[in-house]
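First the structure, in the form of structure tokens, and then the observations on it.
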Amino acid sequence: MGIRLRVANVCSAGYRLKMTLLASNKRSDVRLTPQERRVAGLACRGLTNKEIARKIGISEGVVKLHLHRVYWKLGVEGRVGLKTKVTAKLSGQENAQQVSRWAEMKVAAAAE
């Protein structure tokens, strides 16, 4: 019983440490490798690890490694968090583009 309790405490401490690292890794200067971006994009489209592996030509284990690194770099916990983060980023870019277009129209209208 004592050994199981100690193992549970170690696992729990490891999980808390991982969550602390994830929380502290929420940076704006995150850089994903091209392969990580590709894997993350396919995961966001709903492909399974096996489907991603077949499509890219890598093993399923490598897909898992890429996804875990992406999750860590972005500070998310899984595919749902990844998709939420990517969707928010894309909608932010769209909003920025709309604001930019609106500003250009205002400048053009003022010039006339």
So which residues in the stretch 42-95 are among the acidic types (Asp, Glu), in a helix (DSSP H, G or I) and either under 18 Å from ARG31 (Cα atoms) or in contact with a helix residue (DSSP H, G or I) (Cβ under 6 Å, 6 or more places away or on another chain) (or both), if there are any at all?
GLU60
Complete set of residues in the stretch 44-55 that are buried (at least 16 other Cβ atoms within 10 Å of the Cβ) and either under 20 Å from LEU74 (Cβ atoms) or modelled with pLDDT under 95 (or both):
CYS44, LEU47, ASN49, ILE52
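Conditions tested, residue by residue: (1) modelled with pLDDT of 65 or more; (2) crowded, with 16+ Cβ neighbours inside 10 Å.
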position: ASN9; (1), (2): no, no
position: ALA23; (1), (2): no, no
position: ASP29; (1), (2): no, no
position: ARG37; (1), (2): yes, no
position: LEU42; (1), (2): yes, yes
position: GLY57; (1), (2): yes, no
position: LEU67; (1), (2): yes, yes
position: LEU74; (1), (2): yes, yes
position: MET105; (1), (2): yes, no
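The values are calculated or read from the model by the stated rules, or taken from the named source; none is laboratory data. Here the structure is a predicted model, which is why all the values come from computation and not from measurement. Here Cβ is always computed from backbone atoms with ideal geometry, including for glycine, and neighbour counts include all displayed protein chains.
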